[in-house]
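Every read-out reported here was derived from the displayed coordinates using simple, explicitly stated rules and does not represent laboratory data. All values reported here derive from a predicted model rather than from experimental measurement. Cβ coordinates were reconstructed from backbone atoms using ideal geometry, including for glycine residues, and neighbour counts include every protein chain displayed.
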Amino acid sequence: MEAGREAYLREQLLDRRQKLQAAVPLSPDNTPLIRLLHEVDLALESMNMGSYGLCEICHDPIEEDRLLRNPLLRTCLDHLTPLEQYALEQDLDLAGRIQSGLLPKRDFRFGGWETYYHYEAIGPVSGDYCDLMTTNDGHLFFLLGDISGKGVAASILMSHLHAIFRSLMSVGLPFDQLMERANRVFCDSTTSSSFATLVCGKASPTGAIEICNAGHCPPLLACAKGIRSLEATGVPLGLFCSSPYGVQKVQLEPGECLLLYTDGLTEARNKSNEEYGIPRLTKTFGENYKAPAQDVVGVCLNDLRAFISGASKTDDLAIMAVRRVE
């Protein structure tokens, strides 16, 4: 385990121990509290001995995303008891339903724009971030991103990022300040090893788009002049608590389209270990961008599936088309 994550978990355990020590004298007959305090002491002792994070049965590392959720774990997934397995399945099912409830409407039309996205988790939950929001003055905000890591820990950070942007949108900050504030809040409220790549765009009824790319895969812009990519204008959220974010401005005419995606699409590999790649995505998108947003996404996904031809997926995947219709 990385030293930074272990230091973070040690801090969490010490904080819990302090609170438990304060609570136990108030309830001296509370056996569960005393047992929990003992579990915390065992975890701290294993840190001091250098054995923390290893399964007590097979001595292999315990999954880090599980430890971040519960630093008292002592066994890996392969050695859960039947009762623990059932509880984990229930937790994952609930987490998946909560995450699904955070996603916006899949096909969305507003202010002369139409959008459509596909969101696919490799497991019960995803670390990809996708959202659509509108403002009273007629603007459409679209966001697509990727949280570092996978599994439940990444999905929790995805939910956290969702709440940050939803809260900041109501404040009415200028676009560049919105990104800087979101980065600061995300950085201040997560561990030092957590970060998120993200594309955030603001589309107006006139066809103008302001877009900020925080270290994410470059969106593809298709217009009459051809296809071009919109490179990063800032670093991923969470890397530095104080960081500027540049804004690119583009103008879309009716029928022109913007494609956002996560690396689960472009880095997908077939059975020959060949990568799907941005060039192939660019070609497919360029040949089909005049179609409705739903069809644009569908064609890209069909081309990906034909390419991987049954190879196992290794990452979450999200893709979104934002198309001007009038």
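Remark: the Ser189-Arg166 segment gains 6.7 nm on full extension, using 0.36 nm per residue and subtracting the alpha carbon distance. Please work out which option in [x] 37, 18, 18; [y] 39, 24, 17; [z] 42, 23, 17 gives semi-axes √(5λ) of the Cα gyration tensor in Å calculated from these coordinates, and answer with its label. Identified label for the calculated read-out: [z]. For the listed peptides 177-186, 73-82, a ranking on the average number of other beta carbons within 10 Å per residue, highest first, reads 177-186, 73-82.
What is the gain in length, in nm to one decimal, between Leu102 and Glu39 on full extension, counting 0.36 nm per residue of separation less the C-alpha to C-alpha distance? The Leu102-Glu39 span can extend by a further 19.2 nm. Projecting the Cα atoms of Met133, Leu157, Cys58 onto the charge dipole of the chain, computed from C-beta unit charges around the Cα centre, puts Met133 farthest toward the positive end. Only the Cβ atoms of Lys and Arg (+1) and of Asp and Glu (-1) were treated as charged; on that basis the dipole of region 53-210 about its Cα centre amounts to roughly 500 debye. The angle between the Cα long axis of helix 277-288 and the main principal axis of the chain comes to about 40°, on a 0 to 90 degree scale. When the charge dipole of the chain is built from unit charges on Cβ atoms (+1 for Lys and Arg, -1 for Asp and Glu) and taken about the Cα centre, the candidate among Thr262, Pro104, Pro82 whose Cα reaches farthest toward its positive end is Pro104. Measuring from centroid to centroid over Cα atoms, what is the spacing of region 250-268 and region 54-75 in Å? Cα centroid to Cα centroid, the span is 39 Å.
Relative protection proxy for 148-160, 217-229, from highest mean packing down: 148-160, 217-229 (other beta-carbon atoms within 10 angstrom).
Shape call for region 180-326 from the C-alpha gyration tensor, a ≥ b ≥ c root eigenvalues: rounded (a/c under 1.5), prolate (a/b greater than b/c) or oblate?
Details: a/c = 2.44, a/b = 1.15, b/c = 2.12.
Taking the square roots of the gyration eigenvalues as a ≥ b ≥ c, region 180-326 is oblate.
The charge dipole of the chain, taken about its Cα centre with unit charges on the Cβ of Lys, Arg, Asp and Glu (plus for the first two, minus for the last two), comes to roughly 780 debye. Would any residue of region 274-306 have its amide N under 17 Å from a label point 7 Å out along Cα→Cβ of Thr314? List them or say none. So the set is 274-278, 305.
A dipole drawn for the chain from +1 and -1 charges on Cβ atoms has a positive end, and of Ala203, Gly246, Tyr117 the residue lying farthest that way is Ala203.
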